[in-house]
Amino acid sequence: MDWTKVTNAVATVAPWIAGTLGSPVAGVAVKALVDVFGLSEQQSTPGDVVAALSGATPAQLQALRDAEIHHAEFMKGLGYKHIEQLAALTVEDRDSARKREAQTRDNTNKWLAGLAVVLFLAIFGFVAWGTPPDAAMRNGFWLLAGVVMSNLKDVYGYYFGSSHGSRLKDDKKMEF
């Protein structure tokens, strides 16, 4: 689940918790949020947290502020003096991944992306022209179809999303 969608909603009340949502220790922030709103850790979605925040009672908002203070102390105990350090770590992580790919010229990403596209087309063809799976296989088939479509979304985002836009921006910088 993409808990970074909650960041903007939480940032005004709990900036440390919001800043931690996109970091390697995001689980601690998610636990703090679901505990404050009485949600289930395993079944809560980012939408559930945003809905709970928008309908929060004054007592829940105070509990969120208290959780923010506790979370800030916890993060400072881990060595993070400012919330900006977490943001810088996230940027550094993305930057190092881009630099690694530029240096290694590894084709694994391209092969995996191609496999995701081929699997998607195979499942699409089966749905369009194949025989429907029997009742025992139906749930597993649709689960597999959802996983493949999710992977295709990630492939599309990687090649045509922000990474592609960054690459185009960098190419334009080189032209000048």
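The values are calculated or read from the model by the stated rules, or taken from the named source; none is laboratory data. Just so you know, these numbers come straight off a predicted model, no measurement behind them. Heads up, the Cβs are rebuilt from the backbone with ideal geometry, glycines too, and the neighbour counts pull from every protein chain shown.
Quick one: count up the residues across the range 12-50 that are assigned to a helix (DSSP H, G or I), closer than 20 Å to Asp93 by Cβ and free of Cβ contacts under 8 Å to residues at least 40 places away in the same chain. Residues that pass the stated criteria total 4. Being at pLDDT below 75 and surrounded by 11 or more Cβ atoms within 10 Å (Cβ to Cβ) is a description that applies to Ile83.
Report whether or not Tyr156 is on the phi < 0 side of the Ramachandran plot and not in a helix (DSSP H, G or I). So Tyr156 does not fit the description; no. Pairs meeting the criteria (first residue in the range 133-145 and within 14 Å of Leu121 (Cα to Cα), second residue not hydroxyl-bearing (Ser, Thr, Tyr), beta carbons under 7 Å, at least 6 apart or on different chains) are Ala145/Ile123. The one condition from (1) more than 18 Å from Ala9 (Cβ to Cβ); (2) surrounded by fewer than 13 Cβ atoms within 10 Å (Cβ to Cβ); (3) over 19 Å from the mean Cα position of the chain (by Cα) that Ser54 does not meet is (1). Remark: pairs (first residue in the range 60-77, assigned to a helix (DSSP H, G or I); second residue surrounded by fewer than 13 Cβ atoms within 10 Å (Cβ to Cβ) and polar (S, T, N, Q); Cβ separation under 8 Å; 6+ apart in sequence or on different chains) are absent.
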